[in-house]
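Have a look at the structure below, then the notes.
The values are calculated or read from the model by the stated rules, or taken from the named source; none is laboratory data. In this text, all values refer to a predicted model and were calculated from it rather than measured experimentally. Side chains are part of the model used for accessible areas, which takes the heavy atoms of the whole protein and leaves out ligands, DNA and RNA. Shrake-Rupley method; radii C 1.70, N 1.55, O 1.52, S 1.80 Å.
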Amino acid sequence: SSHNNFRSGSQLSEDDKAHVMKFRRMLKCGVPADAVRHKMSLDGLKTKVQETVFSEDLLSEENNRNHTKVSLIETSTQRTNIASMLEGHLKKQLLGSTGSERDEVPKLTDEEEAIALKYRKMLKVGMPSDAVAHAMKRDQVPEKIVAAVTETTNKIQSSTD
């Protein structure tokens, strides 16, 4: 293979490896490949480093991106629905009622779930929940979606305390 294989640590300095990781992370988070290429050229990265970022394993991932996005939305929606069902069932068992409205995480449509997915990814890569909430307000995301993303985060945090 003419591509350098990043995993085998082939002839890249530690600095180059850090750049590769940074740009692969951008791709993984859904930044378009052309935007990543543009940023690499602006940063003056060597061709070898740029090729490593787009090695064969990533190119096949790029070709399957649309399928992956649909799968992620479907999986995320299924998880949300299952979590909501379990939460409702547990509340009925423990409280004998559905609980207060404030405790309910809003149910999202598939379109709303697609919007929420971007912000859930931000949380998943470790972005602080306050920063994600700010980004949603900046992007004028409907309050229902903001509530669903932030309530889910709050429940996860309170269950891990």
**Asked** When segment 23-80 is examined, which residues are found to be modelled with pLDDT of 85 or more and among the hydroxyl-bearing types (Ser, Thr, Tyr)?
**Response** 41, 47, 52
**Fill in**
Filtering segment 111-138 down to residues that are open to solvent by 60 Å² or more (accessible area, probe 1.4 Å), modelled with pLDDT of 90 or more and among the acidic types (Asp, Glu) yields 111
